[in-house]
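Worksheet: one structure, shown below.
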Amino acid sequence: MIATGLFEGEYLKALVGAAIIGVVAPVVGTWIVLRRMANLGDTMSHGTLAGVGIAYAAGANLLLGALGAGVVIAVLLILFSASQRLGHEAIIAVVGSALFAVGIIIISRIDTTEELEHILFGDVLQLTWSQIVFNLVLGGLAVAIVLLLFGDLRLASFDHVQAEQVGVHVELVQAILVVLLAVVVVISLRTVGSIMAVSLLVTPAATARLVSSNLRQMTMVGVALGVSEGFVGVALGRALDAPPGATIGLLSAVVFAIVYALTLPRRMPHHHRPLG
């Protein structure tokens, strides 16, 4: 009965929505994990709250507001990264916390509704087909950009000097990656919410990193994990009467813990090989 019900009505839309983010998040998340930018993912998921609050107050599309905030974060990081006295971590923390504070202030001054709550905490069961199409188009564009820039991303991630020598604009690649990160967060909003967005971005890719020997394999394994965890999370949420987004996030963390434990002996120092 549960399996049959999953392919009807709101659960069918939930599965499609989970599949979209299950593909897009690991494709972008692979590079976030490899470049050790997980803290940026957390900053982005919180910083987009400012865009959501401004868009809500103005009566505009909340997802476009979140995407706009993501672009602003990318621009600010590029501008402030020119300073040699501060590391990226400090800049990321300042920008993210400032935008998060702006979002809280704005939201505290307006009447919150169920729609805004879905943005913050996610509700994949409330997805509409128009929102799914929006996510599909935006996510498809993000995946296409990653595939197009695959070589540049690899060089910029593993050999900064060589990348510049062969003409790769490392800072531009970094900026594009930050914008793609914003795209993933926007797609995640209706699925797991801004609070849990970083979970889908980082955890499947991190799990895939533990069992993969090259970038393409890591990406494919991450996608397989993202989609399967999304499907199982929706089913478990329905069976346990639990929030699907939180269930997906918890499931991905459990899978990571299991894989981490099982692969620990193989990942001892004398067995470690870098991805290439």
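Quick note: the coordinates plus some simple rules give every number you see, no bench work behind them. From a predicted model like this one, the values you see are computed outputs, not experimental measurements. Don't worry about glycine lacking a Cβ; one is built from the backbone with ideal geometry, like all the others, and counts go over all protein chains shown.
Peptide packing: for 221-229, 163-171, the average count of neighbouring Cβ atoms within 10 Å per residue gives the ranking 221-229, 163-171, highest mean first.
Each peptide in 15-23, 68-76 gets a packing score, the mean of other Cβ atoms within 10 Å over its residues, and the list from highest to lowest is 15-23, 68-76. The overall shape of segment 152-276, judged from the alpha-carbon gyration tensor, is oblate: a/c is not under 1.5, and a/b is no greater than b/c. Taking Gly233, Gly65, Gly151 as the candidate residues, the one with maximal mean-square fluctuation in a Gaussian network model of the chain, Cα springs under 10 Å, is Gly151. Which FRET efficiency value, to the nearest 0.05, is calculated for Ala101 and Val71 with the Förster distance at 25 angstrom and r the Cβ-Cβ distance? Using R0 = 25 Å, I get an efficiency of 0.85. Each 5 Å bin, from zero up to the one with the longest distance, holds this percent of the alpha carbon pairs of segment 2-271: 1, 6, 13, 17, 18, 16, 14, 8, 4, 2, 1, 0.
Ranking Gln165, Gly139, Val227 by how far each Cα lies toward the positive end of the dipole of the chain (charges on Cβ) leaves Gln165 at the top. Here is what passes the span test in the chain: the DSSP H helices with alpha carbon length of 18 Å or more along the helix axis and a Kyte-Doolittle mean of -1.0 or above are 9-34, 38-58, 62-80, 88-108, 129-148, 170-189, 193-211, 215-240, 244-263.
What is segment 123-276's relative contact order, in percent, from Cα pairs under 8 angstrom and six or more apart in sequence?
Working: 131 pairs, mean separation 35.5, N = 154.
Result for segment 123-276 is 23 percent.
Which of Ser97, Ser45 has the fewest other C-beta atoms within 10 Å, and how do the rest follow up to the most?
Fewest-to-most Cβ neighbours within 10 Å comes out as Ser97, Ser45.
Remark: relative contact order (segment 2-271) = 32 percent; criterion is Cα-Cα distance under 8 angstrom and separation of 6 or more residues. Between the C-alpha center of segment 32-59 and that of segment 136-214 there is a gap of 15 Å.
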